[in-house]
Amino acid sequence: MEARKAFETLKFLIERAQKQAEPEERSFLDSLDPDRDQKTAQLQDLRKALQSLEKQWFQVLPDQPAGRRRGRPRRTQTGDITPQKAYQLPLLQALEEMGGRAECAMVTRRVREIMADILKPADFESLNDEHDIRWVTNVRFARQNLIERGCLRSDSPRGIWEITDRGREYLQTQTEGQLPLIY
């Protein structure tokens, strides 16, 4: 396994565990549970240790070429990765939460948070020697597809993504009366 991919996967798993250990609304009994606070502190320590290890790793062993031809992703089996279409509603949801317009990096980060329980380890793999990560590339493809369908603006300033009225309507019809997005 490539080091970058391994570190990215570990960071993702720690973030997921932190979210599960710290629900937004704690009940009174949960707040009295000393194990929960200890687990939260341990996860924070683990995250810091991983960041330090990652920094040391790349100082000692800089990235090496993956040995694949440029631009050729590893073949995956159906089910190994999250389908591209699954990124569309989270992308619209992220933009709607951000007031309909935001920088692409912020939107991408929020899509990852929304899809945290859906993304699979293969989604964090590097697609080529330039370290394009599969899930980030799929968010970009979802954006392009939504532009073609009229759900996102095609004339937004560079680096800014914007939802259209059609995108809001589509999001509303797809999520009306549903629980959080699940794929």
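A few comments on the model shown:
- The range 62-100 - residue that is modelled with pLDDT of 75 or more, out of contact with any Leu (no Cβ under 6 Å at 6 or more places or on another chain) and assigned to a loop (DSSP other than H, G, I, E, B) and, of those, nearest to I147 (Cα to Cα): G100
- Search result, residues across the range 143-157 that are surrounded by 13 or more Cβ atoms within 10 Å (Cβ to Cβ) and not in a loop (DSSP other than H, G, I, E, B): R143, N145, L146, I147, L152
The values are calculated or read from the model by the stated rules, or taken from the named source; none is laboratory data. Remember, it's a predicted structure, so these values are computed and weren't measured experimentally. As a convention, Cβ positions derive from the backbone with ideal geometry for all residues, glycine included, and neighbour counts pool all protein chains shown.
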